[in-house]
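Here's the structure we're looking at; comments come further down.
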Amino acid sequence: MVDFEKRDNIGLLIVDNPPVNALSQGVRQGLVEGLAAANDDDEIEAVVLVCRGRTFIAGADITEFGKPPQPPSLFDAINGLEDGPKPTIAAIHGTALGGGLEVALACHYRVAVSSARFGFPEVKLGLLPGAGGTQRLPRIVGPQRALEIVTSGDMSGTKEALDAGLIDAVVDGDLTDEAVAFAKKVLTEGGELKKIRDLNDKVEAVRGKPEIFAEFRRKIARKTRGFLAPELNIQCIEAAVNLPFDEGIAKERELFGELVTGEQSRAQRYYFFAERQAAKVPDVPRDTEQIPVASCGILGAGTMGGGIAMNFANVGIPVTLVEANQENLDRGLGVIRKNYERSAKRGRLSAEDVEKRMALITPSLEYEALADQDIVIEAVFENMDLKKEVFGRLDRIVKQGAVLATNTSALDVNEIAAATQRPEDVIGLHFFSPANVMRLLEIVRGAKTSKEVIATSMALGKRIGKIPVLVGVCRGFVGNRMLAGRGIEANKLILEGATPSQVDDVLYDFGFPMGPFAMSDLAGLDIGWQRETSTSSTMREVLCERGRLGQKSGRGFYTYNPETRAKSPDPEVEDLVREFSEKQGITRREIGAEEILERCLYPMVNEGAKILEEGIAIRSSDIDVVWVNGYGWPVYRGGPMFWAESIGLDKIVARMDDFRAEHGEHWAAAGLLRRLAEEKRGFSNP
């Protein structure tokens, strides 16, 4: 995995471990042995570390995590680079990430091509840089910038790296040739061994100023709520500021050990692989021919249609946006422009970018404008008769071979496809609101959807920046079908004695961005409600009848501050719930947080098991990807199916049996769930 070559008086360590030159045991071994060979060769005066393939070392081999460590350690390789008697130069292209950047920081010098990227993404796996990264980084870029890098996990470019002192030079031409020339220049100038570990000016400048760390914690608190890794990353930077280098390294190793053996990192590492696995469809080969998509038509310029249009314009795909009347079309275009201009005000786009993207969206009032589009996405009102009428019309107008997609969130894609003469071209593309922000794309394959259309849709989802997950046809597909069970139990809980804020607080503390009642208020309680047919038969109807429609009316399950939109529990709602309970003959009682969590989340797990039994989802991990990206399930808990395995399926079934005896047959465990529980197995190994 590591070749050793000589070029004049320069030794070349060449890492070749495709696809991303991960720091697996063979690479570490090769680095240690290669350095030893270079140091033993009197003709070699400096060493250049370079990588073959598309990238520099892109990080550790995370498949080794949780397994017995195999020597040599990464520290052995890093110490060899830093403490050797000859200058070491890292030659960087592609990405230097995580352990790869730690290796580069251990070298005495770093050069990079202009397209290189740098970062410590460990926090996204629930970890921290564990081979000296948190101790060297603040010594070279300063503690403030180091805090931002390790807690965000984001990458930076070569210019930023050069300005911060992270690299010594940007090179053009052949990277190896330029790095060798740089090494010879270093030797000509005296061959100084520049060790980052010995730089103390930037950390000493912050020593005795704990308010810098307190302010940084406050700034990221909302974004990192519930996550352990960001805080421990901060503690490591504090150690770099306040402790000698070797003591800081010891602290880093201690905190890394705490994270790598913890449940959060295990969940986040699981999710890392789950997201990549979701892109693989077993019965659709990777070489399946795709339909070229150079244009997109969207029917409906409302909230969903406008957001979908933005996704395509963002990546340079021209969009034809069709509406039934000019007023709706103008309103939709206005919302799109407003969204883009808001991004420009925040510095994410230039004014030129705004105009360029708006110019890619062509408005029209005519169905015929969709005739030559490569893909047409329907985003009209969620009504089956309307959608069938729309698809019958599209079938007569849109060119043969185009993809016909519905954005339905729950309706039968097969029934919609049957309204056409080409059901093999019809697929569900369920975008989540707001469609220009939410990353999940549920791709719903119909019974007759062709493999070419599936392959095209999966690739297109990735192209427009989404995380596509393929699911089958059923009411609500994966996400909304599971959400329904949670909603039913949440509404039962408030009738039995819990308050809406109690239920919401339990789920918020679990890690969701909001609970079911706050979410209902945000969406609007009057979705699908009509005053003339309302019968006060549910709490939602009772609230709507009193004008409590949610955030938009300032009152729903909660009351809302008109300026800040901050919510407050409302005694009036609690009184209404009690009255409703009495009319239903329900005896109210105290309900604890544990029961609330179990009754809200166990039905989701059970429904997920049914979804797997029915073949609606390919893998349990696909269900988890849906819930993390579409519904705010905290990634540090892995997803509902992973979380259930971590609790123990046998414990969940036992508790469900208790609820079944108390509350009825709807608590019966799915056959798959009970079988796996009895066999002491999990969803990932059914």
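With respect to (1) of a type outside the set (Asp, Glu); (2) at pLDDT below 95; (3) touching a Pro at 6+ places or on another chain (Cβ under 9 Å), the lone exception for Pro18 is condition (3). Filtered by the rule that a residue be aromatic (Phe, Trp, Tyr) and out of contact with any strand residue (DSSP E or B) (no Cβ under 9 Å at 6 or more places or on another chain), the stretch 519-573 gives a lone residue, Trp529.
Restricting attention to the stretch 417-424, does a residue exist that is in the same structural domain as Ala309 (by TED's automatic domain parsing) and under 22 Å from Asn311 (Cβ atoms)?
Just the residues of the stretch 417-424 that are in the same structural domain as Ala309 (by TED's automatic domain parsing), to begin with: 417-424.
Narrowing further to those that are under 22 Å from Asn311 (Cβ atoms): none.
For the stretch 417-424, residues in the same structural domain as Ala309 (by TED's automatic domain parsing) and under 22 Å from Asn311 (Cβ atoms): absent.
The set of residues in the stretch 468-512 that are touching a strand residue (DSSP E or B) at 6+ places or on another chain (Cβ under 6 Å) and under 23 Å from Gly556 (Cα atoms) contains only Ser501.
Could you please let me know if Gly392 is of a type in the set (Gly, Ala, Ser) and either part of a helix (DSSP H, G or I) or more than 35 Å from the chain's Cα centre (by Cα) (or both)?
yes
Count of the stretch 131-154 residues, restricted to those that are under 23 Å from the mean Cα position of the chain (by Cα) and either surrounded by 18 or more Cβ atoms within 10 Å (Cβ to Cβ) or part of a helix (DSSP H, G or I) (or both), is 8.
Which residues, counting only those in the stretch 3-30, are farther than 22 Å from Lys184 by Cβ, of a type in the set (A, V, I, L, M, F, W, C) and outside any loop (DSSP other than H, G, I, E, B)?
Val27
Within the stretch 185-240, if we keep just the residues that are outside any helix (DSSP H, G or I) and of a type in the set (Asp, Glu), the residue that is farthest from Pro85 (Cα to Cα) turns out to be Glu189.
Of all residues in the stretch 170-185, which are in contact with a helix residue (DSSP H, G or I) (Cβ under 6 Å, 6 or more places away or on another chain) and surrounded by fewer than 18 Cβ atoms within 10 Å (Cβ to Cβ)?
Val170 - this is the single residue of the stretch 170-185 that is in contact with a helix residue (DSSP H, G or I) (Cβ under 6 Å, 6 or more places away or on another chain) and surrounded by fewer than 18 Cβ atoms within 10 Å (Cβ to Cβ).
Only one entry in Ala90, Ala104 is at pLDDT 95 or above and within 25 Å of Val241 (Cα to Cα), namely Ala104. Part of a helix (DSSP H, G or I), closer than 25 Å to Phe272 by Cα and either in the same structural domain as Asp174 (by TED's automatic domain parsing) or within 23 Å of the chain's Cα centre (by Cα) (or both), is that true of Leu128? Considered against the rule, which asks whether it is part of a helix (DSSP H, G or I), closer than 25 Å to Phe272 by Cα and either in the same structural domain as Asp174 (by TED's automatic domain parsing) or within 23 Å of the chain's Cα centre (by Cα) (or both), Leu128 comes out as no. Could you check, for the stretch 642-650, whether at least one of its residues is part of a helix (DSSP H, G or I), among the aromatic types (Phe, Trp, Tyr) and over 21 Å from the mean Cα position of the chain (by Cα)? Checked the stretch 642-650: no residue is part of a helix (DSSP H, G or I), among the aromatic types (Phe, Trp, Tyr) and over 21 Å from the mean Cα position of the chain (by Cα). Inspection of the stretch 308-316 finds a residue satisfying the criterion of being exposed (fewer than 15 other Cβ atoms within 10 Å of the Cβ) and touching a residue at least 40 places away in the same chain (Cβ under 8 Å). Are any of the residues in the stretch 511-520 in a loop (DSSP other than H, G, I, E, B) and touching a Ser or Thr at 6+ places or on another chain (Cβ under 7 Å)? The answer is no, given that none of the residues of the stretch 511-520 is in a loop (DSSP other than H, G, I, E, B) and touching a Ser or Thr at 6+ places or on another chain (Cβ under 7 Å). Determine whether Gly316 is modelled with pLDDT of 95 or more, touching a helix residue (DSSP H, G or I) at 6+ places or on another chain (Cβ under 6 Å), under 20 Å from Leu360 (Cβ atoms) and not aliphatic (A, V, I, L, M). In short, no. Does Lys583 satisfy being in contact (Cβ under 8 Å) with a residue 24 or more places away in the chain, farther than 22 Å from Asp509 by Cα, exposed (fewer than 15 other Cβ atoms within 10 Å of the Cβ) and not small (Gly, Ala, Ser)? Answer is no for this residue. When the stretch 186-199 is limited to residues that are at pLDDT 95 or above and surrounded by 12 or more Cβ atoms within 10 Å (Cβ to Cβ), the one that is nearest to Phe245 (Cα to Cα) turns out to be Arg197. Within the stretch 493-505, identify whether any single residue is over 25 Å from Gly585 (Cβ atoms) and either of a type in the set (Asp, Glu) or outside any helix (DSSP H, G or I) (or both), and answer yes or no. Yes, the stretch 493-505 contains at least one residue that is over 25 Å from Gly585 (Cβ atoms) and either of a type in the set (Asp, Glu) or outside any helix (DSSP H, G or I) (or both). Scanning the stretch 300-344 for residues being outside any helix (DSSP H, G or I) and either hydroxyl-bearing (Ser, Thr, Tyr) or not assigned by TED's automatic domain parsing to the domain that holds Glu368 (or both) gives a total of 1. Are any of the residues in the stretch 150-165 over 23 Å from Glu258 (Cα atoms) and touching a residue at least 60 places away in the same chain (Cβ under 8 Å)? Scanning the stretch 150-165 turns up at least one residue that is over 23 Å from Glu258 (Cα atoms) and touching a residue at least 60 places away in the same chain (Cβ under 8 Å). Quick check on my filter: what residues within the stretch 374-407 are closer than 16 Å to Glu424 by Cα, without any contact (Cβ under 8 Å) to a residue 60 or more places away in the chain and of a type outside the set (Gly, Ala, Ser)? Hits for the stretch 374-407 are Lys388, Phe391, Asp395, Arg396, Lys399, Gln400, Leu404, Thr406. Check whether at least one residue in the stretch 278-286 is outside the structural domain of Lys451 (by TED's automatic domain parsing), of a type in the set (Val, Ile, Thr) and out of contact with any Asp or Glu (no Cβ under 7 Å at 6 or more places or on another chain), and report yes or no. Yes; the residues of the stretch 278-286 include at least one that is outside the structural domain of Lys451 (by TED's automatic domain parsing), of a type in the set (Val, Ile, Thr) and out of contact with any Asp or Glu (no Cβ under 7 Å at 6 or more places or on another chain). State whether the residues of the stretch 152-166 include one that is of a type outside the set (Val, Ile, Thr), closer than 18 Å to Thr95 by Cα and touching a Pro at 6+ places or on another chain (Cβ under 7 Å). Yes: the stretch 152-166 contains one or more residues that are of a type outside the set (Val, Ile, Thr), closer than 18 Å to Thr95 by Cα and touching a Pro at 6+ places or on another chain (Cβ under 7 Å). Looking at the stretch 215-232, is at least one residue over 30 Å from Phe512 (Cα atoms), among the hydroxyl-bearing types (Ser, Thr, Tyr) and either at pLDDT 95 or above or surrounded by 15 or more Cβ atoms within 10 Å (Cβ to Cβ) (or both)? Among the residues of the stretch 215-232, not one is over 30 Å from Phe512 (Cα atoms), among the hydroxyl-bearing types (Ser, Thr, Tyr) and either at pLDDT 95 or above or surrounded by 15 or more Cβ atoms within 10 Å (Cβ to Cβ) (or both), which makes the answer no. Can you name the condition, by its number, that Leu601 falls short on among (1) within 26 Å of Gly664 (Cα to Cα); (2) of a type outside the set (Lys, Arg); (3) at pLDDT below 95; (4) within 32 Å of the chain's Cα centre (by Cα)? Every listed condition holds for Leu601 apart from (3).
Results for (1) under 25 Å from Gln235 (Cβ atoms); (2) touching a residue at least 60 places away in the same chain (Cβ under 8 Å); (3) surrounded by fewer than 20 Cβ atoms within 10 Å (Cβ to Cβ), shown as yes or no for each residue.
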site	(1), (2), (3)
Gly66	yes, yes, yes
Gln70	no, no, yes
Thr95	no, yes, no
Lys124	yes, yes, yes
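Kindly check whether there is at least one residue in the stretch 595-612 that is under 21 Å from Gly487 (Cβ atoms) and assigned to a loop (DSSP other than H, G, I, E, B). For the stretch 595-612, residues under 21 Å from Gly487 (Cβ atoms) and assigned to a loop (DSSP other than H, G, I, E, B): absent. Regarding Ser568, is this residue among the small types (Gly, Ala, Ser) and part of a strand (DSSP E or B)? When the stated conditions are applied, Ser568 passes them.
The values are calculated or read from the model by the stated rules, or taken from the named source; none is laboratory data. Just so you know, these numbers come straight off a predicted model, no measurement behind them. Note that we place each Cβ from the backbone using ideal geometry, even for glycine, and neighbour counts take in every protein chain shown.
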